[in-house]
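**Q** Before anything else, here's the structure in question.
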Amino acid sequence: MSISEEVEQIKSMEIAHVDPATVPDGEYIGEFPFRQRYLYRVKVIVKAGRIADIEVLENGTENEYAEKGLGVIPRILQEQSPEVDAVSGATVTSKALMKCVENALKKASQANE
């Protein structure tokens, strides 16, 4: 698969809402790899059924788009969901970070079942 095909795949990737109220308090790691060279990784902190904080541990390419894409984190915190609008001009990074948060919350809520 070419890089442009992978980029388009990420841009169109679905992001699911995961209710933080279903997640026990704690810190959870979520990851999303891109092209076997880049890794997006976040730590999601859940307190009292809310996403209290998100720390970006690895931001993929670490380029200007990656920096701009960090703007998705306040949106996720405000909406209390990884399912938010991507940052214009940094869609790939935005989607990758949203998927990381989704993965962290899903893993934590499934462990709670």
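The values are calculated or read from the model by the stated rules, or taken from the named source; none is laboratory data. The structure displayed is predicted, hence computed values, not measured ones. Positions of Cβ are generated from backbone atoms using ideal geometry, with glycine treated the same way; all protein chains shown enter the neighbour counts.
**Q** Exactly one of (1) more than 12 Å from the chain's Cα centre (by Cα); (2) in a helix (DSSP H, G or I); (3) surrounded by fewer than 20 Cβ atoms within 10 Å (Cβ to Cβ) is unmet by residue 66. Its number?
**A** For residue 66, the failing item is (3).
**Q** In addition: From the set of residues in segment 46-63 that are among the small types (Gly, Ala, Ser) and on the phi > 0 side of the Ramachandran plot, which is surrounded by the fewest Cβ atoms within 10 Å (Cβ to Cβ)?
**A** Result: 48.
**Q** Looking at segment 81-94, can you tell me whether even one residue there is touching a residue at least 40 places away in the same chain (Cβ under 8 Å), more than 19 Å from residue 23 (Cβ to Cβ), of a type in the set (S, T, N, Q) and in contact with a Lys or Arg (Cβ under 8 Å, 6 or more places away or on another chain)?
**A** yes
**Q** Hey, can you tell me all the residues within segment 54-74 that are in contact with a Lys or Arg (Cβ under 8 Å, 6 or more places away or on another chain) and at pLDDT 95 or above? Quick ask: steps written out before the conclusion?
**A** Within segment 54-74, the subset in contact with a Lys or Arg (Cβ under 8 Å, 6 or more places away or on another chain) is 54-58.
Selection gives 54, 55, 56, 57.
**Q** I would also like to ask the following. If you go through segment 99-109 one residue at a time, do you hit one that is among the aliphatic types (A, V, I, L, M) and over 17 Å from residue 47 (Cβ atoms)? Please lay out each step first, then the result.
**A** In the first step, residues of segment 99-109 are kept if they are among the aliphatic types (A, V, I, L, M); the result is 101, 104-105, 108.
Retained after the next criterion (residues that are over 17 Å from residue 47 (Cβ atoms)): none.
No, the conditions are met nowhere in segment 99-109.
**Q** Could you tell me whether any residue of segment 37-52 is at pLDDT below 95, under 12 Å from the mean Cα position of the chain (by Cα) and over 16 Å from residue 15 (Cβ atoms)?
**A** There is at least one residue in segment 37-52 that is at pLDDT below 95, under 12 Å from the mean Cα position of the chain (by Cα) and over 16 Å from residue 15 (Cβ atoms).
**Q** Could you check segment 1-28 and list, in sequence order, the residues that are free of Cβ contacts under 8 Å to residues at least 40 places away in the same chain and assigned to a strand (DSSP E or B)?
**A** 27
**Q** Out of curiosity, is residue 31 part of a strand (DSSP E or B), of a type in the set (D, E, K, R) and without any contact (Cβ under 8 Å) to a residue 24 or more places away in the chain?
**A** Details: part of a strand (DSSP E or B): yes; of a type in the set (D, E, K, R): yes; without any contact (Cβ under 8 Å) to a residue 24 or more places away in the chain: no.
In short, no.
**Q** Any chance segment 44-58 includes a residue that's under 28 Å from residue 5 (Cα atoms) and out of contact with any strand residue (DSSP E or B) (no Cβ under 7 Å at 6 or more places or on another chain)? Outline the logic, then answer.
**A** In the first step, residues of segment 44-58 are kept if they are under 28 Å from residue 5 (Cα atoms); the result is 56-58.
From what's left, out of contact with any strand residue (DSSP E or B) (no Cβ under 7 Å at 6 or more places or on another chain): none.
No, segment 44-58 contains no residue that is under 28 Å from residue 5 (Cα atoms) and out of contact with any strand residue (DSSP E or B) (no Cβ under 7 Å at 6 or more places or on another chain).
**Q** Hey, another quick one. Could you grab me the full set of residues in segment 81-106 that are farther than 21 Å from residue 61 by Cα and surrounded by fewer than 17 Cβ atoms within 10 Å (Cβ to Cβ)? If you could, list the steps in order and put the result at the bottom.
**A** Taking segment 81-106 as the starting set, the residues that turn out to be farther than 21 Å from residue 61 by Cα are 81, 83-84, 105-106.
Matches in segment 81-106: 83 only.
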